[in-house]
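Everything on this sheet refers to the single structure shown next.
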């Protein structure tokens, strides 16, 4: 699973891993169980560097945010996006307080965004000055598993230094700021690297509420999309995938060790579905 890969990959090169989770989904539904509790055993070997921050309940949305974002075409439900924004901003004060007066760099990445170890190491040295106003990572946009990649790159994950943490917010840098400083070939966005059930859970809970439709939660439909590399939401064009040349662009360290845990998906099957979709190299 992605969280285990990310922990294994980043643990040797970072000082602290801050995990933020809320007891409600971004669509406002209560969770029956926190992710960090469900996968406590996965986190166990890495707890010496992991800090969990839990949002017990989202406050009421900021009316100014709702008004401003309500005019953005792709934000179908501004309240859901506000919750996502709030969660992304939540660790900022913790970081500012704990590391006050120190030189540091924050890797502002979602759980499925994995920067290369070499890039993280360079942030301690030659890349540090470039992170003062946000240094963005160009990532390969992998989809479902390591066999499929979208023809476009991903530019939302970034690093920001202690100097920049007092400026624009983490959410503003991710969503609104121009990408003036970019590190090429900087890592991987591992989108929808999940079990069938977790894909269904994500579709029903994340901020893109416009995609919470029965057809996108149908297991047979999801299997077909995984097998063919086509976009889960049928958007076509640059959203559909092509084979990923792992031998050329590489994989996160630790990926091969976890290949038996679903990441490679040579054959993706589900006990409740008779048909088996083969995923070819």
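Looking at the structure I just gave you, is residue 115 at negative phi and crowded, with 21+ Cβ neighbours inside 10 Å? So residue 115 fits the description; yes.
Residue count for the stretch 105-125, restricted to those that are part of a loop (DSSP other than H, G, I, E, B), modelled with pLDDT of 95 or more and within 22 Å of the chain's Cα centre (by Cα): 3.
Scan the stretch 142-158 for residues that are assigned to a strand (DSSP E or B) and either in contact with a helix residue (DSSP H, G or I) (Cβ under 8 Å, 6 or more places away or on another chain) or in contact (Cβ under 8 Å) with a residue 60 or more places away in the chain (or both) and the total you get is 11. Taken together, the residues in the stretch 12-34 that are surrounded by fewer than 16 Cβ atoms within 10 Å (Cβ to Cβ) and part of a helix (DSSP H, G or I) amount to 1. Determine if the stretch 204-225 includes at least one residue that is under 17 Å from residue 146 (Cβ atoms) and not in a helix (DSSP H, G or I). No, there is no match, as no residue in the stretch 204-225 is under 17 Å from residue 146 (Cβ atoms) and not in a helix (DSSP H, G or I).
Per-residue answers, yes or no, for (1) farther than 18 Å from residue 176 by Cα; (2) part of a helix (DSSP H, G or I):
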residue: 48; (1), (2): yes, yes
residue: 80; (1), (2): no, yes
residue: 84; (1), (2): no, yes
residue: 103; (1), (2): yes, no
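The values are calculated or read from the model by the stated rules, or taken from the named source; none is laboratory data. Here the structure is a predicted model, which means the values were calculated and not measured. With ideal geometry, Cβ positions are generated from the backbone for all residues, glycine too; neighbour counts draw on all protein chains shown.
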